[in-house]
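Engineer: Pasting a structure below so you can have a look.
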């Protein structure tokens, strides 16, 4: 059987480097899985996900004219919603949804709180006022400019 782009096959990890892993395929061919194609989450150390001798399913991404075969483990996984780059595998789904304002679940849970908008607005105004007064104090200490003009001899 010859390899084709898009095929999902099994192979054995024969070598691990900082940038990826080499996988032996059928017919004695070898392909490489780049570190970014190992898992659907950020991979800092590839050895956290793979070991030499491990059998893995891989998807053939490209076959170069020079015979180099590019593979992906994460694209060979069953279809599922993959986390974005901002999410990591160390946080629970509940924490992920509350940390991202664009997530609709997070927004809908806030609607149940009757005065949450007013409280947030009040806190924002208070924080803003505090920052402005700090800036004005710093300007006065450094002899910074004033809005009326820098000249006091008018």
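Engineer: How many nm separate the modelled label positions at residue 42 and residue 120, each set 7 Å beyond the Cα in the direction of the Cβ?
Structural biologist: Label-label distance for residue 42 and residue 120, simple model: 2.5 nm.
Engineer: If I take every Cα pair under 8 Å that is 6 or more residues apart in the stretch 8-76, average their sequence separation and divide by the length, what percent do I get for the relative contact order? Numbers along the way, then the final one.
Structural biologist: Details: 145 pairs, mean separation 24.2, N = 69.
Reported relative contact order: 35 percent.
Every number here is computed from the coordinates shown, using simple stated rules; none is lab data. Computed from a predicted structure; not experimentally measured. FYI the Cβ positions are ideal-geometry reconstructions off the backbone, even for glycines, and counts take in every protein chain you see.
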